[in-house]
Every structure is written in structure tokens, then in C-alpha cells.
Amino acid sequence: MTRLQFHLVAAAGVLLLALAPALLSPFSITLMNFIGIYALAVLGLVLLSGIGGMLSFGQAAFVGIAAYATAWLTVKAGYSPWIGLVVGVVLTGLVAAILGAVTLRLGGHFLSLSTIAWGLATYFLFGNVPMLGQYNGISEIPPISIGGYALSSSNSIYYLIWVFVIVSLVLSANLLDSREGRAVRALRGGQVMTESLGINPFRVKLITFVIAALLSALSGWLYAHMSRFVSPAPFDVSVGILYLLMAMVGGMAYLSGAIVGAAVVTLLKNSIQDWLPVISPGASGQLEVIVFSVLFILVLQRARAGIVPLALRWLPRVQPTPPLASGSLVHRQQPERGQPILTIAGATRRFGGLLAVDNVSFEVKAGEILGLIGPNGAGKTTMFNLITGALPLNQGRISFLGQDISRHAQRQIARAGIARTFQHVKLRKTMTLLDTVLLGTYGRTSSGFFAGVLRLDRAEEARAQAEAMRQLQRVGLADRAFELAGNLPLGNQRLLEIARALAADPALLVLDEPAAGLRSAEKAELAHLLEALRAEGLSILLVEHDMDFVMGLVDRTVVMDFGAKLCEGTPAVVRSDPRVQEAYLGGVA
Amino acid sequence: MNGEIAAILAMDGIASGAIYVLIGLGLVLIFAVTRVIFVPFGDIAAFTALSLASLETGGRPGTVGLVAVLAVLATAVEAVALVRNRAFHRLPRALLFYLVLPLIPAAAVWFAAGTTFSMPVRIVLSLALVLPIAPLLDRIVFRPIADASVLLLLTVAVALHFALSGLGLMFFGPEGVRTKPLTDAVFDVAGLIVNGQMLLILAASIVFCGLLFLYFEFTIQGKALRATAVNRVGARLVGIRPTSTGTIAYLLASLLAGISGVLIAPVTTIFYDSGFLLGLKAFVGAIIGAMVSYPVTALGAVMVGLLESFTSFWLSAYKEVLVFSLLIPVLLWRSLAFAGTEEEEAEE
Amino acid sequence: MALLSIDQVSVAYDKVEAVRGVSLAIEPGQIVTVIGPNGAGKTTLLGAAIGLLPWRGRMSFDGIDLRRLDVEARIERGFCLVPETRELFGDLSVSDNLLLGGYSRRRDSAGLKQSLADVYKRFPRLDERRNQKASTLSGGERQMLALGRALMAKPRLLMLDEPSLGLAPIIVREVFKIIASLRELGVSILLVEQNARAALETADFGYVLETGEIVHSGAAADLMHDPRVTASYLGGH
């Protein structure tokens, strides 16, 4: 399917939606309204949990804050619903920003537990504040009116709801296809990976959290003015779980999963409400809860991916747009060959009683490949982590391009011009090769969330894409730019990581055991690439275990053993050193 | 507020804290051994109280039906798994463990309906009725996804809570119950009236914490449980089956929760869904202990009890709001104190 | 009959095959070593053999098809692994670690007591530190504890993954002495090592694993002098 065909199908879909009130019964339109309202909140949840990896049980609370805000303003204070929208959105955003600032540093399940906590606290708050009508809620909420026309029927508010849904969907899709959106998609790769690309994961998480809350706020505002009544029940944690069920059923990793999931679960809920009383007239209420919970558990056990990825397998793929690829990003002037670029002086790192790195000093000069070798457990990886800022130094000093980076955070070091790869490849399997390499340009570009959502970033995006394609070309993967990173064999994944690192335009490339697990042909290819990069003036620090690979490639080698530097020199000198023979080559006799 | 009221509130708080301690320790135990944050754990306590009340009036507790449903489901799940792996020789054993054993107390209670038992027998019976619930749920719900991330297990646990609350309403009905007091003794301590029930709660809580400690320190099974919690791969490599230690953890934890249910039944009216809030408050305590430390969890649970008791004096409507809001600063403190522990998620 | 027989076994992570069609056998009382570079698939092979990773092919221990045994059942039959990561119980004391090593024999308390005394005799350092938490031990002591814990299960076949990893040369020598002495207890050993020279000196038979495949095999003494092996693994440049 071409891009144009895709747009035609989408337009036909929108047209069908527009015609729905003429074709469907009023009851079906009411259902559609609920689907749209749910879809908005679930869209936020997909962004936050499915894509950003922050699992929230509390989204219903944000829906509730906006719903109560507009309910109170319109009923008790007599303002227009549009004022209610503004206040609801601002209030929800503020609450989300505060909650996010406090809780988003929490890891994994603790973050999710905190969402249960504030979800419940908000529910009980709604139920106990006299001003908000306690458990009776607020009724007689006025309908929204546009230009004096009140949207009081299902058919009239239908259009408003679905305009909100479609606009939110398009803007969210824009976001994911932008610089910050790629950062959101990278979040699940873990803090070390995102920081190594110059991304501030906390900031990205916080903004994603607020965006998800704002989508919930829109949902809450529409809900309040559609049902004309609010009470605490629809904003309980159990509804938060229902949202999660919708997202999972639809497909957590896909924006369209929000609409599909909201539709499937809402229709299912409706039909269950029809036939449950037939089966068990007395107990349909609790049966509904049981049926949904069991359904949810089954989905979690057996079909976590959801409907959308299943459907995508059967639908024709939309052809990727080839990158705009015009212009280029600014490149750094590499320092003069032979100048010291990285200086490590007396680096020391302890773990408990163990001296993992013991007073190590060495230098990397511009335009050389320096090998850091040593047996397993010699402290190479710790040294690597000290240089890239993944671990703080206990003592000593590291300076890079004349700047002391000993106390710098990982992302500052990355931005200063040190790019790295990982021993255990850290890639997002579901990102294309092009998007993966584009992540590398994060530190060299500046478009923010707003620009991404509103597509004001296209000129910079074109330059970044040109750069990314160039780096893919360099490692020989350009013809596979639209494949998924997870589908590459290990050797190519390592090359892809190098392309991502190169896209950051570093002065120093640090590679952590790049040859591990590669076949000999792949090793030769890698060595060839590194030699070419050196010829272009890039400096490379290579932490490696594979002696043959290192010795054929490097200008100089530093040997570590038991956390200390054993010796340093050209490959020939190091190889003939008896201490190296003893320590490294297994001289036990 | 004067000193006397403060003392009464403090006593009240410590007593409800002691209840949360038992439930909180169970939560930590289950999490440590199985990585499941067992959200519906409070329900075990509530179901014990409901069973006890029903036995008191000579009725047939709803637990019987609940256990029967779960036992049949668990047996079916186990049988399907065994048949799939062609391990037919293990079928009889599976029937015994998942069907016969859990149903023995249930059947006993069913056929003895109408007889009135003495208080100790009633307590033992209701504990025996409730004990199989959590291990059976484990078999049905969690074991098929035992290797999933903590986050996924948590999501399943939250969904399970709603399933269980639905089942609770179905089997126990909407009425609240309160059992006869375990003791009518009242003491006068320095002018303060202390009732025996409260002391009993405290004593039971302390005794069972002590027993748990002894079990962990001095028995090989207890050590195997700790080993599973510390290092699952290591445990498997010495021949400890995480599924077995998981079942033991669920049973032990259920015992603790059951006892807390027995203790709370005479002092609070218990409904089919009272367990959720009980569990969540214990949970706040467990999170204060970062879901790993037993002593800190106990301390945290007592703090929750005190907070709840004092806020119910000043701001009774906002009691729950405050208890759950307390979690956020606690979590924040935790995250700052234990910063730098990287957790990466696998792609689902 | 071979004690452990591995026949055409492959192990894959996602789509990447880390071990491809590997076959090897260990006779009772033998010390067999698998050497090879980092990332060759040595650890993966052991993980599959003990049952922690899914695999394809045929494997049997003492004539029993390994598909029928889970990890724990292998341990009960005396088939044990000391992994590269040691997997000690860091929060538990040295003596508790050892005690749990004998978990599969927990009903034989007299035998366990005897084994515990034997381990303490073999590793006096562990006796000195029996009440210390395992996490406070040094690298060499950890390796001893891991070995001691495995011995508590009364293994018939012990798989050792990089026992010399991160240890000082003097301790490495000691560890290999202990490994050689286990033969006298009748324990067969499958030794995975990067320290090729020490491994080949200790073993009867050796295999060389590269990128998931066996590329050479033979009597350890022959491999020591095989130019293809010396060039890559014994520093004979």
C-alpha cells in the first residue's frame, strides 16, 4: 500500500465516522460516544505505558480531576463549559506534573504501586469533599454549546468527541515520529542507554506523563458534559484497570490500539450486560466484574500483544516514506591527530572491599585506536563505566578535550563527544534501523515536544535523516533502513549500534567488546570499519577480550589485571611482556 | 485532645497496626519468594472472618463454594499442563494436591452444617477453609506466567483482586458480620481501660512474628524460602523448586492473614470487600519496608495503624485519603535512598 | 555408557543461535574441558545442559532422557552446575549456603553432617568464615563456597563454568588442584575455561568451541600440542 492509498483509506474511515449518526441507531451512537471518550484516556495510557514503559493504574483519577473541575465550575460557579475545559486541563496538567516529579524516579513496579496509591487517594477525596457532593456527586451539568447551539443530544456531541479523538490520534502519531517521540520510544531501553544518547530520561518521562494526563483530562471533560453527572465511581482504580484492559486488548504498543481496544471492550461490556441477567438474574453486577477480570487475566496470560499487531499481519503494509534527506547537520572539527583527547589520571573505584579499578592512568590520543585489554574480571568494564559516567569515580580525574568530566553525568559526557556501544547490545527491537540511528542525533538536534507534535520540526528532521542515512551507509546497512532492529543478526546489530554512536558526531568512540560473539567474517568487517573511521580522524577506545582482533587493529594497548594497569605499549611490546603472558594468556604451570 | 484520648487513640492504632503487621509480613513473604505483589491478600483475612461468623451461626460459609470452584479450576489447569507434557504418571498426585486436600475441610464443614462447634474448633476450621485459596489462585493465575516481569504479575494481581471481590459478593453476600469476642476480659491499667481483645491482638501478632523468625532461622525449609527470595537461579541449582517454596510461602502467608482475620472479626464489621482496604493498608507498611524487610514492614504497619487512628479523630472523612497519600512521600524517600538501581524491562 | 551424552544440541536466543549442533560425551570418572573464546557459546551450552535454557537435540544423563528431568530433578540425581556467576545466596551465611547445597539430600541428616565436615576440611577458609554472609567473601572464597555448595549435593557429574574467573594466579592454581582432586572422589567433571592451558593440563579430553560449534576435539594432551589450538588459545605466537 502506498502512502497515498493509506491516506485515502483513512479519509474513507473519517467519512464513515461522519456519516455514522445518519446510519446508526441513537443507542449505537451513545456507545460510539463512550468508545471515543474511553479511547482518549486509553490513548494517553498507550503513550505512557505501552510505549513509554510506565505502567499506570491511576489514569482514571486524571479523567476524574478534569470532570470534577468542569462540573464544579459550570454547576456551582456558573461558568461556561469552555472555561471548564481550560481549567480542567490546566489543573490536571499541574497535578500530573507534581505527581510525576515526585514519583517518576521510582523504578518499575514501585512507580506502578504509587499510581494505585494516588489513584485511590483521589477517589476517596472525590467521595469525601462536601463541595464535590461526596459520594452523591454533582448532577445537572450543562451541555457544551458551540455558538449558541447546545450539544445536548448524543448525535450532536458525537462529532465533538470524535474530532477530539482524531486530532489527538494524529498529534500523538506526529509526536512519536519526532525527535522527542523517539526518545519516548527509547525509554524502555533503560536509563543507561537513553543517557548514553544524551537524553534526559526523567524529563522525557515527566513530559510523557503530563501528556497522558492531558489526554485523560479531555476525556473527563467530554464525559462530564455528555453524561451531565459526575460521581466518584467512574474514576476509581477499577476503571483505571478497565483502561489498561482496553489498551492491552487493542495493543499497548500501537496508538490505534487505543481505539480498537476501547471499541472491543465497550461493545463486549454492553453485550455482557445484555446476556448476564438472562443467565443469572440476581447476580449480574458481580458476574460482570468477574467476567471482565477473568478476561483480563486471560489476555495477560495468553495474548499480551493485543489485536492490532495481529491485524497488521493480515493487512498490507504501508510503504515507508524514503527520508527527505536534504541538507546536513553541523559536524565537529576533530582535534589534531596525536593530541591527547582523553586523559585518565589515577582512576580508582571500589565495590565494598573490592578494588575494581586501582589507580589507573592512561591517555587516548586523537586519531588513534587504543585497545584496553585484560582477562575477565580485570576491571575493564568498570573502567569503561567510569569513562562514560555510568559509575562515579572514588578517586582520580578524567578529562576529555581539556574539560574535567570526572563529575559529569552520563548524558553530559555523551553530549561532550564520547559515544559508546554496549557489550550486550542495547537496541529497541521494534524500532526501525533508521529510527535507531536517528536516536543518535538527539544531542545534535533541538526540536522539542511542541515542534514535534505540530510538525514544525521537518527541516531539522530532514537534516537528521540525511545524517542517519549516511551513517547507515557507512556501516553497510542503508538498504535495510526500514527493517526492525530486532530482526538483524548479532553482527549487524553491533554495526547498527556503531552507526547510532556515529550519528552523535563524537570525537571519541568507546566500544565495549564489539567482537564478542561475532564470526570471523563479521570480525573482519568490523575491523575494516574501525580502520576506516580512524582514517577519517576519529579516536577509538576499544575494550576487548579477543587478542587477535585487538592486536591486528590497535595503535597502542593498555593491559589491565586485577584492577591495575599492568603495562602499556604497541601490540608487539605488549605481546612480548612476560607479565602479560602470565596474567592474560594463562601461564599456570 | 487530652492525654487520655491520645492514649486511647494510640492503643487503638497499635491494635489495628498489629493486624496490618500480620498481613504486611505475609505480603512481603509472598513477594520475596514468588515476585508476586499479591494485591488481593487482604481478602484472605476478610474471608476468614466471614467464615468464622458463618460457623458461629451454624451456617455453611461461602468459602466452601469458593474453594470448590478454585480447586476444580486448579485441577483442570494442572491436568491440562501434565497431559500436554505427557507426564501422566503425575496425575494422581495432582488430583490429591489440587482437588482432594483443599476440599477436605470444605467437605467437613459442608456436612457438619447445623452443628455448633466450640470456639477453638471454629477458628481452626475457618483457617483450614481459607488456607487453600491463595495456593490455588497461584496455580491457576500466576504459575502459567511465573517468569513474567514483576510489573506484569502486579497487573494480573490487580485484576485478580476484582475477580475475587466479585466472587466474594457471590459467595458471601452483601451483609456485614461481626463475631463474638474471643475474650471478655477487661483490664484497668493505670486508670485506662484496656480490653482483652486488644491485648490478644497484640500478643498474637508478636507470637506469630516470632514463630516466623524461628522458622526462617532454624529450619531448612525456612532457609530454602529465604534462598529462593535471594537468588532464584541459585535455589534451582541446589534443587529447591521455586514452585514448591512458592506454595509454602502462600500457605504461611495465608495463615498469618487468616489469623489477622480471626482477630479483627470481633472488633470490626467485615464485609465481602473489606479485605481490599485491609490489604492496601498493610501494603503501605510493606512498601515502607521496600517489600523486602520484615522488621521495617512491621514498623511501617504499626505506623499506618497509628496514623489512621489519629486522623480518624481529627479528620475522619479523609482517613483513607491520608493513608494512601502517605505512600507517595514514602516511595519518594525510598527512591532517593536507593537511587541508581537500574531496572530494565524486557519487551513484551 | 557415557554419563552425560550431548548429541546435536542447538540453543537459540530469540533468533540468534548461540550453540549449533554440538555433540560431546563424558565417561564416568573423566574430566572433560570445553575451551574457546568469549561469546563462543560455552556458558549457553552448560545452561542448556542443566535445564535453565530451552534447547533442541538429544541429551541424556546416566541413560535418562534429559527432557524428562527438570533442573531440580537433575540435581537430585547428582548432575550439578557451578555457574560462571556463582549464584550464591548473598544474604545467607556461609554455613547456610553449604547446608542448602545439600537441600536435595535434606532427609539424610547424618550424611549431610558428614559432607559438611568434609567440605570444611577441604576448604578451611570456609570453616573460618562459616557465620559470615556470603556477600562479604572475596572472589576466591566465593569460588570455594560455590564449589563446596555443589559438593554438598554429592554430585556424580559437576559442570564448572570458568572456575578461575577473576582469581589471582596463586588461587587459580589452588582451584585447579582441587578440581583434579575431585576425580579421586569419583566425580566426573565438565570444565569450561578460557584459561586454556590450565584446563587442558587438568583434563583428560578437550573440545574447542568457536561461534557455537565444536571445531576441534581430542585427548587433552594432544590438543596442548595441536598448532591450531596453541595459536589461538595458548599464546603461542
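Quick rundown of the values:
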{"item": "At 0.692 mPa s and 37 °C, Stokes D of chain A from Kirkwood alpha-carbon radius, µm² per second", "result": "123 µm²/s"}
{"item": "Centre separation in Å (Cα based) which lies between region A:424-462 and region B:100-162", "result": "51 Å"}
{"item": "For the pair B and A, total buried accessible area rounded to nearest 100 Å², probe 1.4 Å", "result": "4100 Å²"}
{"item": "Computed Rg/Rh of region C:91-154, alpha carbon atoms with Kirkwood Rh", "result": "0.94"}
{"item": "Average partner coverage of A:100-112, which counts Cβ from other chains inside 10 Å", "result": "6"}
{"item": "Lysines whose Cα lies under 23 Å from that of C:LYS177, excluding same-chain neighbours fewer than 8 positions away", "result": "C:LYS42, C:LYS121, C:LYS154"}
{"item": "Computed over the protein assembly as shown, Kirkwood Rh from alpha-carbon pairs, angstrom", "result": "33.0 Å"}
{"item": "Positive-end residue of A:PRO142, C:VAL94, A:HIS545, charge dipole of the protein assembly as shown with Cβ unit charges", "result": "A:PRO142"}
{"item": "Sites A:ASP555 and C:LYS133 - FRET efficiency at Förster radius 45 Å, r taken between beta-carbons, to 0.05", "result": "0.50"}
{"item": "Candidate aspartates and glutamates - alpha carbon under 13 Å from B:LYS319, same-chain residues fewer than 8 apart omitted", "result": "B:GLU308"}
{"item": "Protein-only accessible surface order, largest first, of B:GLU78, C:GLU17 at 1.4 Å", "result": "C:GLU17, B:GLU78"}
{"item": "For region A:1-104, diffusion coefficient by Stokes-Einstein and Kirkwood Rh (Cα), 4 °C, 1.567 mPa s, µm²/s", "result": "78 µm²/s"}
{"item": "For chain C, fraction of C-alpha pairs farther apart than 24 Å, in %", "result": "44 percent"}
{"item": "Protein accessible area in region C:91-154, 1.4 Å probe - carbon and sulfur %", "result": "45 percent"}
{"item": "Share of pairwise Cα separations in region A:173-331, more than 20 Å, in percent", "result": "66 percent"}
{"item": "Calculated [θ] (222 nm, deg cm²/dmol) that DSSP helices of n ≥ 4 give over the protein assembly as shown, each run adding -39,500 (n - 2.57)", "result": "-18000 deg cm²/dmol"}
{"item": "Separation of alpha-carbon centers, region A:1-70 and region C:71-109, rounded to whole Å", "result": "54 Å"}
{"item": "Calculated SAXS-style log₁₀ I(q)/I(0) at q = 0.14, 0.18, 0.21 Å⁻¹ - region B:86-171, Debye, Cα scatterers", "result": "-0.70, -0.98, -1.11"}
{"item": "FRET efficiency for A:ARG519 and A:LEU171, using Cβ-Cβ distance with R0 set to 41 Å, rounded to 0.05", "result": "0.35"}
{"item": "Rounded accessible area per residue of region C:91-154, 1.4 Å, Å²", "result": "46 Å²"}
{"item": "At q = 0.06, 0.10, 0.12 Å⁻¹, base-10 log of I(q)/I(0) for chain B (Debye sum, equal scatterers on each alpha carbon)", "result": "-0.22, -0.62, -0.89"}
{"item": "Rounded to the nearest 20 debye, dipole of the protein assembly as shown from Cβ charges on Lys, Arg, Asp, Glu", "result": "520 debye"}
{"item": "Surface accessible to a 1.4 Å probe, per residue, for the residues of region B:3-347, Å²", "result": "39 Å²"}
{"item": "Label-point separation in nm, B:ARG90 to A:GLN581, each point 7 Å along Cα→Cβ", "result": "5.5 nm"}
{"item": "Candidate residues A:HIS424, C:HIS216: accessible-area rank, largest first, probe 1.4 Å", "result": "A:HIS424, C:HIS216"}
{"item": "Kirkwood-based shape ratio for region A:3-312, expressed as Rg/Rh from alpha carbons", "result": "0.96"}
{"item": "Distance in nm between pseudo-label sites at A:GLN333 and A:ALA22 (7 Å out along the Cβ direction from Cα)", "result": "6.7 nm"}
{"item": "Among the listed pairs A:LYS523/C:LYS133; A:LYS205/B:LYS223; B:LYS180/B:LYS281, those beyond 32 Å (Cα-Cα)", "result": "A:LYS523/C:LYS133; A:LYS205/B:LYS223"}
{"item": "Signed unit charges on C-beta, dipole axis of the protein assembly as shown, positive-most listed residue A:GLY402, B:LEU50, C:LEU158", "result": "B:LEU50"}
{"item": "Taking N as its residue count, the alpha carbon Rg of region A:25-67 over 2.2 N^0.38 Å", "result": "1.37"}
{"item": "Sequence-distant aspartates and glutamates (8 or more away, or on other chains) whose Cα lies within less than 13 Å of C:LYS113", "result": "C:ASP96"}
{"item": "Carbon plus sulfur fraction of accessible area for chain B, probe 1.4 Å, in percent", "result": "70 percent"}
{"item": "FRET efficiency, 1/(1 + (r/R0)^6) with R0 25 Å, evaluated for A:ARG3 and A:ASP479 via beta carbons", "result": "0.80"}
{"item": "Probe 1.4 Å - accessible area at B:PHE313, Å² to nearest ten", "result": "90 Å²"}
{"item": "With every protein chain in place, region A:423-561: carbon and sulfur % of accessible area (1.4 Å)", "result": "53 percent"}
{"item": "Area accessible to solvent at A:MET32, 1.4 Å probe radius, in Å²", "result": "40 Å²"}
{"item": "Among beta bridges that DSSP assigns inside the protein assembly as shown, antiparallel share in %, nearest 5", "result": "60 percent"}
{"item": "B:ARG236, C:ARG68, C:ARG20, C:ARG58, ranked by accessible area, largest first (probe 1.4 Å)", "result": "C:ARG68, C:ARG58, B:ARG236, C:ARG20"}
{"item": "Heavy-atom accessible area per residue - chain A, 1.4 Å, Å²", "result": "38 Å²"}
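The values are calculated or read from the model by the stated rules, or taken from the named source; none is laboratory data. The shown structure was predicted, so the numbers you read here are calculated from the model rather than taken from an experiment. Glycine also receives a Cβ, built like all others from the backbone with ideal geometry; neighbour counts cover every protein chain displayed. Keep in mind that these areas ignore ligands, DNA and RNA; they rest on the heavy atoms of the full protein, side chains included. Shrake-Rupley method; radii C 1.70, N 1.55, O 1.52, S 1.80 Å.
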